[in-house]
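The values are calculated or read from the model by the stated rules, or taken from the named source; none is laboratory data. Computed from a predicted model, the values in this text were never measured in an experiment. Counting neighbours? That spans all protein chains shown, and the Cβs are built from the backbone with ideal geometry, glycine included. Note: accessible area is taken over every heavy atom of the protein model, side chains too, but ligands, DNA and RNA are not part of it. Shrake-Rupley method; radii C 1.70, N 1.55, O 1.52, S 1.80 Å.
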Amino acid sequence: MTSPRLKLLPWLVLLASLGVTWLAWDHERDTAQEQLRRQFDFALRDMAGRIEQRVMTYEQMLRGVQGMFSIVGISERDMLASYVDALQPDANFSGIQAIGIVESVAADRLDEHLGAMRRLGFVDYEIQPDGRREAYAPIVQREPNIGVNRSRLGFDTWSDPVRREAMEKARDSGMPVISGKVQLSVDSGAGAPPGFIMYMPVFGKGLPRQNVAQRRASLAGWVFVSFRVKDVMASLYGELPQGLAFTIYDGVTLADRDVLYKSPEDAGAATVFASNEYLVVGGHTWTLAAKMRQAFEGGPGRDTATVVAVAGIGLSLLLSSLVWLMATGRERALQLAQTMTRDLRAAKEAAEDAQRSLAAQAHNLAQSNADLEQFAYVASHDLRTPLRNIVSYAQLLERRYKGHLGADANDFIDFIVENSKKMTLLISDLLEYSRVSRQAAPLEPVSVARALHLAMGNLRPDLEGCGAEIRIGALPEVLAVETYLVSLFQNLIGNAVKYRSRERPLQIAIAAERTGSDLWRFSLADNGIGIEPAYHDKIFEIFQRLDPSGDAEGTGIGLTLCRRIVHRFGGTIWLESEMGRGSTFFFTLRAVSTPRASFSSTTT
Ligand code: ADP
């Protein structure tokens, strides 16, 4: 895939995953809405059912009162009081303001009616509103006779068209009928709560009531139950579900003046659902208009939709980041590799430059070293012949003319001979030194014991002269050049002789020990004068002598030669010493792969 397409991929993935998130979120929101709708419908039906049920209970109760008065007659006031008293504890009848009797009084019976009421003890009983009318229907009893129910009797319900309509319907049908919206006669003032009244006709004892005409003729009055709507609703509901609000209208036109009841509602929140339910209660129609407010929406469904949205967006971002990382990973790896290659190349070039300049320096150094060694060799080699001539002629001079040229001349001749010999020694040492450096003879297995034996043979007069005692341990074969190994031992043992203590006979111990690696470590210990620690390194340098003016003859080249030989054999040389007690020289040499140790012990 080309690079621009790779760059587009994370965005495509983000777009697709956000799309899927949106679908899931939308579906979840729809489901939640649907669930809410079902809850709302259920709540509405439940409320309508409760109201209808309650009104039917009131009807049943009123039928009971009607039945009772059909038997005992409407004038038996005490019966109603006892009846209501018996009903009081029943929760199904809560919400009732009063149960009472309305008597039907024709105009010609008005005086008789007033007289009868006053005889019952209601001395200031009057019909209100007053005025002459064809018929009256005054309230003559209210139970329970407590609180506001004790207010004046005598209100002519026939004078109120709303009540009258219901009473006429009840009378003509013989059935319970509910009035429209009224203000109860016990409530006064403009702010009185809305109420309604259920009427049930009571007919004269034993009179016919089969048809409308008979029912009108037989009518004695009505029993009624009056309600304040808010009390009825309060008895039906403790608390409404959150966010649910409803209004009950009298009739089907939803006008403000027809409002029977309005539940408290969350005015600020927007309406999510609204629905109307029509109720036919006691031959009368009410409209139950319910609304569900936004507050009700905060249910579990909404939470799930939010979680889906948040999680979906988060996962989409994560997914597209992963794709981005994968898509650009190769490119970044390539860039990194290129940078690293560049750096490496630069480092390699720098290292090569350094190596080249080092090699050039090493070459120059080797060249000047070779020149120097060549010079030393040529000088010492070429000096030998004239020196040999000087020594020869000085000796000739000594033989022929010693004693003939005076005392001073004798001393001069001695001086020339002695220094010429010293110079011969120096030149032969120098020659030996430069020979070791110049000749690159290949290393081969050499018996150390044999080399030591040869060295001791060369030194025999000196060793016998001082009566040295030499102890030799087991000695192996090593990789070396025999002549140089002989020279190494000869120098070290020669030094032990030269720098022996005058206070005790010379003792020398030579031993070898295999170290962890492929090296043998040799030690050559004497009991001579010893060397101060400060000079342990210095004495290996050329021409370095600790006591040039002492008895011992020397050139200061011996130990330098030893070091060069050991280095050429791939080893190292060092020493340990204690002033006045002796010195031990150590050196390492490379072992032959299958070491064959030989042993010899010599005492001289
Ligand atoms: P040279 O013996 O010719 O003077 P070397 O290089 O062999 O030169 O030794 C350098 C110096 O180290 C000597 O002058 C001497 O002072 C000291 N030296 C070498 N070997 C011993 C030894 N075994 N005991 C004490 N001093 C020593």
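Some notes on this structure:
- A single member of ILE531, ILE493, ILE508 is outside any strand (DSSP E or B) and more than 7 Å from the ligand (Cβ to nearest atom), and it is ILE493.
- Between ALA347, ALA360, ALA305, ALA354, the distinction of being closer than 27 Å to THR21 by Cα and either at pLDDT below 90 or not β-branched (Val, Ile, Thr) (or both) belongs to ALA305 only.
- Test for ARG118: is it of a type outside the set (Val, Ile, Thr), in the same structural domain as MET167 (by TED's automatic domain parsing) and modelled with pLDDT of 85 or more: yes
- Qualifying positions in segment 514-526 - assigned to a loop (DSSP other than H, G, I, E, B) and either among the hydroxyl-bearing types (Ser, Thr, Tyr) or within 10 Å of the ligand (Cβ to nearest atom) (or both): THR515, SER517
- For SER316, the criteria (1) open to solvent by 40 Å² or more (accessible area, probe 1.4 Å); (2) at pLDDT 90 or above hold in every case but one, which is (1).
- Identity of the residue in segment 204-249, in the same structural domain as ARG77 (by TED's automatic domain parsing) and assigned to a helix (DSSP H, G or I), that ends up nearest to PHE273 (Cα to Cα): VAL212
- ALA295 vs. criteria modelled with pLDDT under 90, within 30 Å of THR247 (Cβ to Cβ) and not in a helix (DSSP H, G or I): no
- Top-ranked residue of segment 444-478 - restricted to ones that are over 17 Å from CYS562 (Cβ atoms) and of a type in the set (A, V, I, L, M, F, W, C), ranked as farthest from the chain's Cα centre (by Cα): CYS466
- Per the listing TYR199, TYR261, the residue uniquely part of a strand (DSSP E or B), in contact with a helix residue (DSSP H, G or I) (Cβ under 6 Å, 6 or more places away or on another chain), aromatic (Phe, Trp, Tyr) and outside the structural domain of SER151 (by TED's automatic domain parsing) is TYR261.
- Any hit, segment 380-395, residues being over 20 Å from ASN419 (Cβ atoms) and of a type in the set (Ser, Thr, Tyr): no
- In segment 496-505, the residues that are basic (Lys, Arg) and either open to solvent by less than 20 Å² (accessible area, probe 1.4 Å) or more than 9 Å from the ligand (Cβ to nearest atom) (or both): ARG502, ARG504
- Qualifying position, being more than 15 Å from the ligand (Cβ to nearest atom), open to solvent by 20 Å² or more (accessible area, probe 1.4 Å) and touching a residue at least 12 places away in the same chain (Cβ under 8 Å), among LEU454, LEU485, LEU475: LEU454
- Pair list, Cβ under 6 Å, 6 or more apart: segment 124-140 residue in the same structural domain as GLY100 (by TED's automatic domain parsing), other residue open to solvent by 70 Å² or more (accessible area, probe 1.4 Å): TYR125/ARG118
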